[in-house]
Each structure stands twice: as structure tokens, then as C-alpha cells.
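Student: I'd like to ask you about the structure that follows.
The values are calculated or read from the model by the stated rules, or taken from the named source; none is laboratory data. Since this is a predicted model, take the numbers as computed values, not measurements. Note that we place each Cβ from the backbone using ideal geometry, even for glycine, and neighbour counts take in every protein chain shown. Heads up: the accessible areas ignore ligands, DNA and RNA and are worked out on the full protein's heavy atoms, side chains in. Shrake-Rupley method; radii C 1.70, N 1.55, O 1.52, S 1.80 Å.
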Amino acid sequence: MKVSPRLEARRSGVARALHEAVLPARLLLVAKTMLAVGLAWAIAPHMPGVTDDYPYYAPLGALVSMYPTLMGSAKSSLQTLLGLAAGIGLATLIVLTVGPTWWSIPLVVGLGVLVSGTGWFGVGREYVPMAALFVLIIGGQNADDYSLGYLTQMAVGVVVGLVVNLLIAPAPLTAVAAARIEAFRARLSAHLHDIGDAVSESWPPEHEQWVDDAASLAETTMSLRTALTDADESRRGNPRARGRRAETGHIHDELASLDRIAHLIRDISDATADTIWDRPGALALDPALPEPLSAACHAVAEVIADDDPSSPAGHRRRGEAARAIRLLVERVDDRTIDARRSLGPGVLIAMHLRRILILSSPPSTPAGEDE
């Protein structure tokens, strides 16, 4: 029974989500969150004054302070406390003036939502109207004591969470980002292999998944940029990342090259699909080109997949790809003269494959060295 591409993509997405949920970094965050919440709950009843009447806010403070990165934890914690203080301040104005009524409570909530839209509070923006509402409804006649207990116990939980996150520092996410980029490299290689197969099959090809995959390459690049940004963030202030501050530099360069390669492959994929299915704007492919075109696609795909382009095997693969592209260009030139027509998908694909080969070569390798 053939499974539809949409259902297959949904299954793959569910499997990927479940896998990410049990990654070691995520499990460490789970354990630290449990520890922080437990410690905050144990400390909260021992706070002085009226604050010990509101111990349940300390675990909440610990919970909101737990982020996968140290800087993320510090930033979100500060923003949450600022949001709480702003909400409590709005509620205090109501308490000191008209008091909580049927119209003043909705008014202060509306003001809280308005203030939270300024962008000053980041992730703490939701706590502005929430804190104002809680002070007026739950605090009631004891709004002063409630406000003090609410803010103090949240701060206790935040401090506990930050201390736990600092003492049990999360591992930098550099390795995770690097692994995802390597997987993207393999995917680009496989996609170009699929195009090489498609142009050499009887038309229309039996396999069409490569056409749908091309559209998702841009989304994948965006998600990889986010993952790399998270990796950089995970290193800031992290004692486990000391002495390796330049570690992500080569990964940024690699992602930039792969992003440009992905754009070129998408162009090749679109031009090939237009020709195969005779879409509007399609250009005919000369019958003499599928064989050298397919060979060049496969050869360049092998170069893309190479994780060590400086090795002897990498040099050999680049030499083979350069020769395959040269044969394709020669065939395109010959057919251009014979057919007296220069415009066609073979020209675009040959140009893009050569550019991909240059982007996949080590920085010290001059263009065309292996030819």
C-alpha cells in the first residue's frame, strides 16, 4: 500500500518531535527543572513576614526561569519579574484610587494588555495583565501583602532556578547544530542524486518526491539558522564553553555555503521539473543532454556529501565532478551549434553545477584546479 507524501511527512515530523523530546540536553533540562521546583517549594515557607503565606509562587518562579541556555534563563527571569512589577504597579494605582470594581478590574487588565504590547517585557509581557488581575481579585483587601508575597516568592523561585542552571550548566548546543547541518548536507546531495535519476528516466519519472522536497529546502535553511543561533546563545556565559569561543565560526561558514548551494539546487529542480512536466515557461531539453547531465548531477552530488574535501578521496571526487561538468558543457556547446539554439535547461544546469562545485571546494582550492 502506497503511503501519501503528506502522511509520510506527518509521520516523520511526529517521530522527529518524539526524538527531540528525549535528547540528553532535554532530559537534563527536565531534571534541573524538577530540582529547582522542589528546592523553591522547600525554601518558600521559610521566607520572613507575610511572604510565607504565598509559597506556591516560588515553584512558579523556578519554572519560568528554566531555559535550555544560561543567558536565556537570565533574560527570561528578568523580563518576568519586570512584567510582574509592572502589573502590580497598575493594580496598586487602582487600589489607591477607585478600588476594585466591576469596571476598574477590566480597565486595569486592558491597560496591562496595552502596556505588554510595547515590547519592553519580552517573555514577561503576559505577566503584566495577569499580575494586575491577581492582585485585584485574589489580593482583595490584602492587596499590599499579596503583592509583596507574590513578587518576593516569584523572585525566590527565579533565583533558585538561576542557581541550579548555573551549577549544573547545560552543554553547549554546538554539536547538535553541527550534526543538523551535516544532515542537511547529506539531504542536498541526495536531492541532486534524485534529479540526476529523474533526467535519465523515461519521462515522466516514476519518482516525484524530489520536486516536493525542493520546496522545503528554504524552510530547512531557516530552521538551521535558528539552531545555530541557539548554539551561539548556549555558549554565552556558559562555563562549559570556555576556551572554545570560535568553535561555531566554521559552522556559520558551512551553513552559508550550503544555503547558496540549496538555492542553486532549487533552481535546477524547478527548471528540470518545468521541462519534464511541460509547465508554462518550460524549455525543451535536447535529447543528447540527459546522459551527460545525469552524470554531472551524480558527480557533483558526491562532492556535496564529502565531509572532508581536503582528503585525497575528496580531490579525486572533485576531479571527477569537474570532468563531468566539462563534458556536459562541451555537449551543450556542440548541440548549441548544431541546433542553432542556446537557450535551454542544459545551460542553466551546467552553470549551476559548476558554481556548486566551487562552493563545495576547500577555500584554498582555486576554481577549476581539478579540471
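Student: When you scan segment 256-281, how many residues do you find that are open to solvent by 30 Å² or more (accessible area, probe 1.4 Å) and more than 22 Å from Ile181 (Cα to Cα)? Before you say what the answer is, go through the steps one by one.
Tutor: First, pick out the residues of segment 256-281 that are open to solvent by 30 Å² or more (accessible area, probe 1.4 Å): 256-257, 260, 263, 266-267, 270, 274, 277-281.
The next check asks that each one be more than 22 Å from Ile181 (Cα to Cα); those that pass are 270, 274, 277-281.
The number of residues fulfilling the criteria is 7.
Student: Right, something else. Answer yes or no as to whether Ala86 is among the hydrophobic types (A, V, I, L, M, F, W, C), within 24 Å of Thr152 (Cβ to Cβ) and either exposed (fewer than 15 other Cβ atoms within 10 Å of the Cβ) or in contact (Cβ under 8 Å) with a residue 60 or more places away in the chain (or both).
Tutor: For Ala86, the condition - among the hydrophobic types (A, V, I, L, M, F, W, C), within 24 Å of Thr152 (Cβ to Cβ) and either exposed (fewer than 15 other Cβ atoms within 10 Å of the Cβ) or in contact (Cβ under 8 Å) with a residue 60 or more places away in the chain (or both) - is not met.
Student: Of the conditions (1) within 24 Å of Gly49 (Cβ to Cβ); (2) modelled with pLDDT under 90, Gly161 fails just one. Which one is it?
Tutor: (2)
Student: Let me ask something else. Kindly provide the set of residues from segment 191-231 that are of a type outside the set (A, V, I, L, M, F, W, C) and modelled with pLDDT of 80 or more, ordered by number. Quick ask: steps written out before the conclusion?
Tutor: So in segment 191-231, the residues of a type outside the set (A, V, I, L, M, F, W, C) come out as 191, 193-194, 196-197, 200-202, 204-209, 212-213, 216, 219-221, 223, 225-226, 229-230.
Selection gives His191, His193, Asp194, Gly196, Asp197, Ser223, Arg225, Thr226, Thr229.
Student: Find the residue count for segment 232-255, including only residues that are modelled with pLDDT of 75 or more, open to solvent by 30 Å² or more (accessible area, probe 1.4 Å) and part of a helix (DSSP H, G or I).
Tutor: 7
Student: Condition check: within 18 Å of Asp197 (Cβ to Cβ), at pLDDT below 80 and not in a helix (DSSP H, G or I). Does Leu285 satisfy that? I'd like the intermediate steps shown before the answer.
Tutor: Values: within 18 Å of Asp197 (Cβ to Cβ): yes; at pLDDT below 80: yes; not in a helix (DSSP H, G or I): yes.
So Leu285 fits the description; yes.
Student: Checking Asp306 against (1) within 22 Å of the chain's Cα centre (by Cα); (2) modelled with pLDDT of 75 or more, only one condition comes out false. Which one?
Tutor: Only one criterion in (1) within 22 Å of the chain's Cα centre (by Cα); (2) modelled with pLDDT of 75 or more is unmet by Asp306, namely (1).
Student: To continue, here is another question. Return yes or no: is Val156 in contact (Cβ under 8 Å) with a residue 12 or more places away in the chain, open to solvent by less than 60 Å² (accessible area, probe 1.4 Å) and within 31 Å of the chain's Cα centre (by Cα)?
Tutor: Values: in contact (Cβ under 8 Å) with a residue 12 or more places away in the chain: yes; open to solvent by less than 60 Å² (accessible area, probe 1.4 Å): yes; within 31 Å of the chain's Cα centre (by Cα): no.
It is false that Val156 is in contact (Cβ under 8 Å) with a residue 12 or more places away in the chain, open to solvent by less than 60 Å² (accessible area, probe 1.4 Å) and within 31 Å of the chain's Cα centre (by Cα).
Quick grid of which residues meet (1) β-branched (Val, Ile, Thr); (2) modelled with pLDDT under 95:
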site: Leu23; (1), (2): no, yes
site: Leu28; (1), (2): no, yes
site: Leu35; (1), (2): no, no
site: Gly38; (1), (2): no, no
site: Pro45; (1), (2): no, yes
site: Pro48; (1), (2): no, yes
site: Thr51; (1), (2): yes, yes
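Student: With the structure loaded, tell me whether Val98 is part of a helix (DSSP H, G or I) and either surrounded by fewer than 17 Cβ atoms within 10 Å (Cβ to Cβ) or more than 20 Å from the chain's Cα centre (by Cα) (or both) or whether it fails that test.
Tutor: Working: part of a helix (DSSP H, G or I): no; either surrounded by fewer than 17 Cβ atoms within 10 Å (Cβ to Cβ) or more than 20 Å from the chain's Cα centre (by Cα) (or both): yes.
So Val98 does not fit the description; no.
Student: Here is a further query. Enumerate the pairs (first residue in segment 104-120 and over 11 Å from Leu133 (Cβ atoms); second residue anywhere and open to solvent by 70 Å² or more (accessible area, probe 1.4 Å) and part of a helix (DSSP H, G or I)) with beta-carbon separation below 7 Å, excluding pairs fewer than 6 apart on the same chain, so at least 6 apart or on different chains.
Tutor: If the second residue must be open to solvent by 70 Å² or more (accessible area, probe 1.4 Å) and part of a helix (DSSP H, G or I), the pairs left are Ser116/Arg125; Ser116/Glu126.
Student: To continue, here is another question. Looking only at segment 275-329, how many residues end up being touching a Gly at 6+ places or on another chain (Cβ under 6 Å) and either among the acidic types (Asp, Glu) or over 16 Å from Ala350 (Cα atoms) (or both)?
Tutor: Qualifying residue count for the region: 2.
Student: Kindly list the number of the only condition in (1) within 31 Å of the chain's Cα centre (by Cα); (2) of a type outside the set (A, V, I, L, M, F, W, C); (3) modelled with pLDDT under 85 that fails for Arg340.
Tutor: Result: Arg340 passes all but (1).
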